[in-house]
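> Take this structure first; my questions come after.
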């Protein structure tokens, strides 16, 4: 069995799809996943399982639907995939947290970064984005955060095929998977 992280989109945000982490952990355990741990309330579940991330995505989504009666889009990445994402960040990404907010936009297969990149809005001089393997790296100036276009992505059809985590959460999840 290998280690994975499931990144759930749209739970415990704005009073929608409220799911307690204990219930989420129990759901995963009841559906045959092992070594289940959750991290913060925004839907990060670390677990062990056999199979490929793409196969586990469908399995996790079925378990969530069965248990909670809601369709919860999920992106699953293996420990190796997450390590590659962190190590593959553009040079300097995450290095100036006093000036920039850094996010990783995780893309749900079959959507690729090359397909998503032109569809994710950004404002030159405020936002910067780079395509990675299965992700987009997105940064925005804190001093001009109200001008950023990242928040507009939630109103686009492509948003159904992605979930966003800040850089610190992404690195913490990797550390937890590697422990």
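> Quick check: convex hull over the Cα atoms of the stretch 20-122, volume per residue in Å³, rounded to an integer?
139
> So between residue 172 and residue 151, what do we pick up on full extension, going 0.36 nm a residue minus the alpha carbon distance?
5.2 nm
> Further question on the same structure: Give me the compactness ratio for the chain, meaning the Cα radius of gyration over 2.2 N^0.38 Å.
Rg over 2.2 N^0.38 Å, computed on Cα atoms: 1.01.
> Would you mind calculating the relative contact order of the chain from Cα pairs under 8 angstrom and at least 6 residues apart, reporting the percent as a whole number?
The normalised contact order for the chain reaches 23 percent.
> What is the order of 130, 66, 122, fewest Cβ neighbours within 10 Å to most?
By the 10 Å Cβ count, ascending: 66, 130, 122.
> In addition: Can you give the alpha-carbon Rg of the stretch 82-167 over 2.2 N^0.38 Å, where N counts its residues?
Cα-based Rg divided by the globular estimate yields 1.01.
> Mind checking the angle between helix 21-30 and the chain's longest principal axis? C-alpha axes, 0 to 90 degrees, to the nearest 10.
Computed tilt is about 50 degrees.
> Let me ask something additional. Binning every alpha carbon pair distance of the stretch 49-93 at 5 Å from zero, what are the percents per bin?
For the stretch 49-93, the pair-distance distribution reads 5, 21, 20, 17, 15, 9, 9, 4, 1.
> Compute the angle between helix 167-178 and the longest alpha-carbon principal axis of the chain, please, reported from 0 to 90 degrees and rounded to the nearest 10.
Here the helix axis deviates by roughly 40 degrees.
> At a 10 angstrom cut-off on C-beta neighbours, averaged per residue, how do the peptides 140-149, 39-48 rank from highest to lowest?
Output ranking for 140-149, 39-48: 39-48, 140-149.
> What is the log10 of I(q)/I(0) for the stretch 2-78, computed with the Debye formula using one identical point scatterer on each Cα and no solvent, at q = 0.14 Å⁻¹?
-0.36
> I would also like to ask the following. If you line up the long axis of helix 53-68 against the longest principal axis of the chain, both from Cα atoms, how many degrees apart are they, to the nearest 10?
The answer is roughly 70 degrees.
> Gap in Å between the Cα centre of the stretch 139-179 and the Cα centre of the stretch 84-103?
Distance between centres, Cα-based: 11 Å.
Bear in mind these aren't lab numbers, they're just calculated from the coordinates by the rules spelled out. All values derive from a computational prediction rather than experimental measurement. Cβ sites come from the backbone with ideal geometry, for glycine too, and all protein chains shown count toward neighbours.
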